[in-house]
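Only one structure is covered here, and it is reproduced in the block below.
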Amino acid sequence: MATLQVCAACGDRFSELDPAVRCPCGGLLELRHDPPAEDGASLRRLFQGRLGDREEANLSGVWRYRELVLPGAGGQIVTHPEGNTPLLRRLPIAEWAGLPDLRIKHEGHNPTGSFKDRGMTVGVTQARRIGARAIACASTGNTSAALAAYGAQAGIPALVFVPAGQVALGKLSQSLAYGARTLLVRGDFDACLRLVQEAADQLGVYLLNSINPFRLEGQKTIVLELLHQLEWQAPDWIVLPAGNLGNTAAFGKALLEARALGLIDRLPRIAAVQAAGAAPFAQGFREGFAARRTVKAETIATAIKIGDPASWDRGVRTIRETDGVVTQVTDAEILEAKAVIDAAGVGCEPASAASVAGARKLREERLIPLDARVVTVLTGHVLKDPGALITYHQEMEPAPSRANRPVEIEADLRAVERVLGREGR
Ligand SMILES: *Cc1c(COP(=O)(O)O)cnc(C)c1O
Ligand SMILES: [Zn+2]
């Protein structure tokens, strides 16, 4: 077989078709693929040649890199296709962050509007390979939207556990629309995660949470695709929002593998950014990761409102191996960054803006030099959380400095003229 599942805790090995998502010892599993026969230069040519090829797998920004994702998936893949997200440069955002060479990898351009699609195309492909009769996840919203969509495409029933009253409207709507059985759990995300793990054990449902190692393989392609877009010249920094640390783990694995295969010759540093009200990993970083920390999470950025990150150990490994840092930003800083990103015509959901807010903070602290090439990752689409937008622009008192208040008028031209006149036009 082309791939093994290896326990990160005890080192035991399992076949790639073993459906358990944890080792019996409790450790998390990690996928190890046979190294491709090609060297770095040949792999770069192979990936480049697939751009513009019309074969289904090559149209996907995940499966284009399948040698590093799931080489044995063959004809079984369930793809939308996903990925192919832009790497943007936008002056107002770069200026606000104080970083002239800031780039923005916008994962909100994925089919269900977040990077979770990159993991889910692989996870649901794996569910099909092992003949799963149903799939399940706990979610702050985006994972359930992706699970619902890919489950529908594959014809596999999907079950999602979300915290009641705490899921952004766009995400909940998607789960319902794509037809997932949606359970609103009276508890927080961390309670949902415990419940879905028990349910999966008892009911024989395939678990597609971020501890699932197949999902992480798909999420690695955020990094592979952005390196490809930079013609395999590694940036100095990659900055991303961090909640459960699945993505932080995937980014580190992608970078180490890319270097080992000769795709890049140096590692960027990773900066993981948490919301101040949900920052156990940032606390752990300040303490040299001496102990695992948990908090009761509270932040407007619901996608990173996580108090007990599932991928803690592999997140730590990423930060250590890339000489990375973990920082935290307040909800006010997140909202200001988001308003700048939105008003530049780019747009993102609140959690995503933590990356740009974090980049600005690390620049202010002089940890990131002025001339650094920095890639910030926007993880989700602006329409994921319309509630947060309406609150910010229409309802908050006093109005935030970047609020764009709508003006209600009578249906006549003079009213329009009065409004425009007031604005000095
Ligand atoms: C899932 C998610 C995150 C957090 O990613 P983790 O892998 O849990 O750290 C951040 N932003 C958005 C929009 C997400 O959906
Ligand atoms: Zn083990």
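For this structure, a couple of remarks:
- Between helix 350-364 and the chain: long-axis angle, C-alpha atoms, 0 to 90°, nearest 10: 80
- Folded to 0 to 90 degrees: helix 189-203 orientation relative to the chain principal axis, Cα: 30
- Surface/4 estimate of mean projected area, convex hull on alpha-carbon atoms of the chain, nm²: 22.3
- Sorting F47, F289 from the fewest to the most surrounding beta carbons within 10 angstrom yields F289, F47.
- Tilt relative to the chain, helix 213-229 - C-alpha long axis, 0 to 90 degrees, to 10: 60
- Cleavage-rule hits, trypsin sites (Lys or Arg not before Pro), region 17-66, DSSP coil, Cβ neighbours within 10 Å at most 15: R54
- With q set to 0.13, 0.22, 0.24 Å⁻¹, the log10 of I(q)/I(0) for region 60-170, from the Debye formula over equal scatterers at the Cα positions, is -0.58, -1.13, -1.25.
- Counting DSSP beta bridges with both ends in the chain, the antiparallel % (nearest 5): 30
- Using the Cβ of R66 as centre and a radius below 10 Å, the other residues enclosed give a net charge of 0, where K and R count +1 and D and E count -1.
- Pairwise centroid distance, computed over Cα atoms, of region 7-27 with region 297-345, Å: 29
- Scaled against the 2.2 N^0.38 Å expected of a compact globular protein of N residues, the Cα radius of gyration of region 333-378 reads 1.12.
- For the peptides 115-124, 86-95, the ranking by mean Cβ contacts within 10 Å, running from highest to lowest, is 115-124, 86-95.
- Dipole magnitude of the chain, debye to nearest 20 (Cβ charges: Lys/Arg +1, Asp/Glu -1, about Cα centre): 200
- Ascending count of other beta-carbon atoms within 10 Å, so fewest first, for H228, H106: H228, H106
- The chain, helix-only ellipticity at 222 nm - DSSP H runs n ≥ 4, -39,500 (n - 2.57), divided by all residues, nearest 500: -12000 deg cm²/dmol
- Projecting the Cα atoms of Q274, L147, G204 onto the charge dipole of the chain (Cβ charges, centred on the Cα centre) puts G204 farthest toward the positive pole.
- Considering only I77, S15, C137, and ranking their Cα positions along the charge dipole of the chain that arises from unit charges at the beta-carbon of Lys, Arg, Asp and Glu, the one farthest toward the positive end is S15.
Just so you know, all these numbers are worked out from the coordinates, no wet-lab data involved. Computed from a predicted structure; not experimentally measured. For neighbour counting, all protein chains shown are included, and Cβ atoms are generated from backbone atoms with ideal geometry for every residue, glycine included.
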